[in-house]
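Notes to accompany the following structure.
The values are calculated or read from the model by the stated rules, or taken from the named source; none is laboratory data. Worth saying up front: this structure is predicted, and the values here are computed from it rather than measured. For neighbour counting, all protein chains shown are included, and Cβ atoms are generated from backbone atoms with ideal geometry for every residue, glycine included. Surface accessibility is based on the protein's heavy atoms, side chains included, excluding ligands, DNA and RNA. Shrake-Rupley method; radii C 1.70, N 1.55, O 1.52, S 1.80 Å.
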Amino acid sequence: MIVILNMEVLIMESEVFEKLESHPEAESANQKASLLNNSGFQGDQLPNGTSVSSSNKGQSYQPIVQPSYKPPPNYKGHGAIMKNEAPARIIPIAALNPYQGRWAIKARVTAKGELRRYNNARGDGKVFSFDLLDSDGGEIRVTCFNAIVDRFYGVIEVGKVYVICKGSLKPAQKNFNHLCNDWEIFLETSSVVELCPEEDGSIPAQQFNFKAISDIVNAENNSIVDIIGIVMSINPSVTILRKNGMETQRRVANLKDKSGMSVELTLWGDFCNREGRQLQELLDSGAFPSLAVKAGKVSDFSGKSVGTISASQLFISPEIPEALSLIEWFDKGGKNISSNSISRETMAGLPLNEIRKNVSQIKDEGLGRGVKPDWVTLKATVSFVKTENFCYTACPLVIGDRQCNKKVTKLNNGNWCCERCDREFEECEYRYLLQAQVQDHTGVTWVTAFQDSGEDMLHCSAKELFMFKQHDDAKFAEIIRSFLFVQFLFRIKIKEEHYGDEQRLKITIVNAEKVDPSTESKYLLDEISKFNHRTF
């Protein structure tokens with residue numbers, strides 16, 4: 001119900017009132033008045049004797065009707081609202097978010113991924129990505145699929161500056177995206193990528209976040225890091241068989257920096273024949289070049305190392321302050337400073353022999369029972385080794401940047417099969433899985449030695465020892481006796497593991513070296529000196 005409290009007449013004379021004057025109800029009222037006047041009744045009485053109030057006599061009613069609504073002239077006939085065709089304002093990459101309707105960024109391409117093809121439930125497709133860096137230091141990855149790949153793959157060049165607008169922002173897939181940004185741009189059919197022909201000096205060519213080699217010890221496995229160091233050596237390329245049956249190349253270089261540590265850098269694929277060959281030539285000429293690694297992947301297999309991935313970039317002797325400072329340090333004496341490797345010999349970042357424990361201390365101090373494993377050095381003698389299952393047959397295929405190494409089974413046709421890789425092959429690898437008992441003056445404990453540490457102790461590959469056991473018992477027994485009752489310095493990893501409802505302390509040998517009398521004597525004299533200072 002609508003109650004009208006006040007009303008104003010806007011148009012006094014119009015067709016509305018003309019029509020109201022001839023309204024049937026008004027005519028009916030006039031006819032009734034005429035009948036009353038002509039009926040001959042006197043006074044204020046109607047035919048039925050009813051009195052009529054004198055105040056209403058002769059009063060005529062003029063109904064006031066509000067005209068129908070007419071829209072204001074400002075909105076009449078203008079049609080649809082016009083779009084804002086002005087160019088989008090350029091904003092920093094750090095300000096991008098998925099709730100912005102119109103945006104544009106100006107940035108330099110720092111990396112461009114390879115064109116990859118894939119197949120899933122939706123069919124075949126192709127994809128490539130590239131990384132951007134703007135003048136404020138913001139980074140973001142841009143990804144293109146299928147038809148968008150055809151538009152932009154040939155346009156994008158590393159080092160060039162572009163203005164990009166009209167794309168969708170989605171959460172970054174951190175499994176494949178190492179950039180420090182929670183979002184990722186996906187280009188669409190309406191996206192615009194324009195090359196800036198004039199060089200913009202405010203945008204750097206590359207941005208690094210270098211970690212010292214000593215800090216890599218505490219880095220998470222599979223994390224992505226930037227490092228810089230002096231290349232001390234590089235090995236020749238070797239051919240590796242990947243899971244898909246394709247062969248690839250691998251090189252291992254050794255880098256050192258001011259932190260007093262060195263690390264192994266594994267080059268994969270094209271890096272071996274491109275940057276790897278260039279580094280080899282420089283080292284052969286007597287030079288020790290600096291090397292900056294952008295987006296290297298940390299591995300904690302048998303110590304800490306760094307490997308290249310598809311998104312990695314290598315810069316040989318770059319003209320950046322960090323490289324120039326490193327070369328100056330190296331030339332002024334850093335070359336002759338010894339460094340401890342964090343690869344295959346690491347113990348939580350501490351130098352060799354820094355933490356010495358004996359067998360009884362492993363149990364008494366509860367080593368390995370925390371959240372993280374404990375890494376210590378143990379001087380002990382091998383007193384017994386299990387010879388029944390000292391090795392296992394392993395898969396030789398490479399997954400990602402490391403060998404599969406899963407146990408394989410022999411088929412009736414003579415081939416070997418890996419369930420993980422779902423592949424068959426004629427030859428398999430033999431890898432150590434030594435179970436040995438070691439002892440010192442405080443007690444006895446069991447340790448496990450895998451491939452590298454097994455070779456360190458036996459000076460023989462697992463395959464060779466396996467063949468000796470099959471065909472030459474005397475040679476096999478001789479090799480086993482050669483390291484029994486020999487004193488070693490073991491770098492060990494201690495961690496409590498769960499086997500069903502049972503908890504066991506697992507001690508793994510990371511590296512093994514025979515005790516050198518001269519070096520050990522110096523260590524003991526140093527410990528005696530420290531003890532005397534504490535006592536007196």
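Among the residues of the range 194-215, count how many are farther than 26 Å from S343 by Cα and under 20 Å from the mean Cα position of the chain (by Cα).
Result for the range 194-215: 2.
Here V447 meets the list (1) surrounded by fewer than 17 Cβ atoms within 10 Å (Cβ to Cβ); (2) within 19 Å of F485 (Cβ to Cβ); (3) at pLDDT 90 or above almost entirely, failing just condition (1). Restricting K297, K304 to those that are open to solvent by 10 Å² or more (accessible area, probe 1.4 Å) and over 18 Å from D270 (Cβ atoms) reduces the list to K304. Just one of the numbered conditions (1) loosely packed, with under 11 Cβ neighbours inside 10 Å; (2) over 23 Å from the mean Cα position of the chain (by Cα) is not true of N146: (1).
Of all the listed residues (E388, E419), the sole one being at pLDDT 85 or above, surrounded by fewer than 13 Cβ atoms within 10 Å (Cβ to Cβ) and within 25 Å of F488 (Cβ to Cβ) is E388. Applying the set (1) on the phi > 0 side of the Ramachandran plot; (2) part of a helix (DSSP H, G or I) to R481 leaves exactly one unmet item: (1). Scanning the range 171-192 for residues that are in contact (Cβ under 8 Å) with a residue 12 or more places away in the chain and under 24 Å from K294 (Cβ atoms) yields P171, A172, N177, H178, L179, C180, N181, W183, E184, I185, F186, L187. Consider the range 199-216 and keep the residues that are hydrophobic (A, V, I, L, M, F, W, C) and farther than 20 Å from D131 by Cβ. The one that is most open to solvent (accessible area, probe 1.4 Å) is A212. Between a first residue in the range 122-136 that is assigned by the TED database to the domain that holds N177 and open to solvent by 70 Å² or more (accessible area, probe 1.4 Å) and a second residue that is of a type outside the set (D, E) and not in a strand (DSSP E or B), which pairs have beta carbons less than 8 Å apart while being 6 or more apart in sequence or on different chains? That search, which allows pairs on different chains as well, returns D136/P92; D136/I93; D136/A94.
There is at least one residue in the range 105-120 that is in contact with a strand residue (DSSP E or B) (Cβ under 6 Å, 6 or more places away or on another chain), surrounded by 11 or more Cβ atoms within 10 Å (Cβ to Cβ), of a type outside the set (D, E, K, R) and not in a strand (DSSP E or B). Considered as a group, the residues in the range 149-158 that are aliphatic (A, V, I, L, M) and open to solvent by 30 Å² or more (accessible area, probe 1.4 Å) include one that is nearest to T189 (Cα to Cα), and that residue is V155. Residues in the range 391-416 that are of a type in the set (A, V, I, L, M, F, W, C) and either surrounded by 17 or more Cβ atoms within 10 Å (Cβ to Cβ) or closer than 30 Å to R481 by Cβ (or both): C391, A394, C395, L397, V398, C404, V408, W416. Screening the range 243-316 for strands (runs of 3 or more DSSP E) wholly inside it with 1 or more residues that are at pLDDT below 90 returns the ranges 247-256, 261-268, 290-299. Summed over the range 159-193, the residues that are surrounded by fewer than 13 Cβ atoms within 10 Å (Cβ to Cβ) and more than 26 Å from the chain's Cα centre (by Cα) give a count of 2.
Kindly check whether there is at least one residue in the range 196-208 that is assigned to a strand (DSSP E or B) and touching a residue at least 24 places away in the same chain (Cβ under 8 Å). No; the residues of the range 196-208 include none that is assigned to a strand (DSSP E or B) and touching a residue at least 24 places away in the same chain (Cβ under 8 Å).
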